[in-house]
Amino acid sequence: MKREMQMQGEHLTIGQMCEASGVSRATFYRGWQAKEPNAEHIALRDAIQRLALKKRQRGYRLVTQHLKREGWRINHKRVLRLMREDNLLCIRRRGFVITTDSNHSWKIYPNLARSMILTGLNQLWVADITYVRLRWEFVYVAVILDVYSRRVVGWSVQKQIDTKLTLAALELALNQRRPPVGLVHHSDRGVQYACGAYVQRLESHKIVLSMSRPGNPWDNAWAESFMKTLKAEEVYAQRYRDLAHVRSSIGRFIEDIYNNERLHSSLSYRSPAEFEYSLPLLNLNAGSGERMPLRGDFA
């Protein structure tokens, strides 16, 4: 399967191998589907996850066309079914509504992050989701970053890409930072961030919602940059055994390496933790005035 032929850290793709051997990708996938249906199914889901989460292609017909360009023999009905099973379908576009309507679960919020000029912590948080592929299944990682310090303030790893995933990351961020009123929470328009339970949790803390424009990952470049770092420096260097292994490894990377050791040019070559500790105490945690270490969801 694709994972076995392109293990994390290696760079030879199926397309390159097919070109070298003189076999078309369509022929490869046809034979593969007949001989190894389980491997083909997992690889197809992997391709759909990549398009939906990394490239922000959420419409199942558009994803189908991308897959066909890559050589997959597939119809839109199967893509729709798989995207529905993995909760990757987009929410319907609606006009911007400025007034709060907590009863409208699928409300879309305007992009406020683009115009913000940050002067301290807990002014803008950004959230995003990525996936990690194991041998026969996927697990999902949700993170929340404080843009001012680039620190990961909340994270969660779960088997399902649902509200439980994003709420776990949010609860960790809220407990650790206790942000002041007026914090802006920015994300994409995914159902995990627009659903009623998540929106209500933000509103209960007087947090202002902001969402990216459709199909525009640059609107959330801070989170995208972290996900790229996570994949390059942690995920691609590992061969995870199970969910517990993913949790512990990613937790150590976030808390010990990324937050405390990894230097950022945007922070004058300091780590997020070092940068935060250089700030005035009141600015570090406007909600409590305390410096608090992060802890992940190892449970």
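The values are calculated or read from the model by the stated rules, or taken from the named source; none is laboratory data. Every value quoted in this text rests on a predicted model; they were computed, and no experiment measured them. Every residue, glycine among them, receives a Cβ derived from its backbone with ideal geometry; neighbour counts consider all protein chains shown. Surface areas here come from the heavy atoms of the whole protein model, side chains and all, with no ligands, DNA or RNA. Shrake-Rupley method; radii C 1.70, N 1.55, O 1.52, S 1.80 Å.
Translational diffusion coefficient of region 112-178 (Stokes-Einstein, Kirkwood radius from Cα pairs, 4 °C, 1.567 mPa s): 102 µm²/s. Considering only protein heavy atoms and a 1.4 Å probe, what is the carbon-and-sulfur percentage of the accessible area of region 136-209? The value for region 136-209 is 52 percent carbon and sulfur by accessible area. Relative to the Cα centre, the charge distribution of region 100-239, modelled as +1 at Lys and Arg Cβ and -1 at Asp and Glu Cβ, gives a dipole magnitude of about 160 debye.
Holding the Cα-Cα limit at 30 Å, pick out from Lys164/Lys231; Lys159/Lys228; Lys68/Lys228; Lys77/Lys206 the pairs that are longer than that.
Lys77/Lys206
Based on protein heavy atoms only, region 128-285 ends up with 40 Å² per residue of surface accessible to a 1.4 Å probe.
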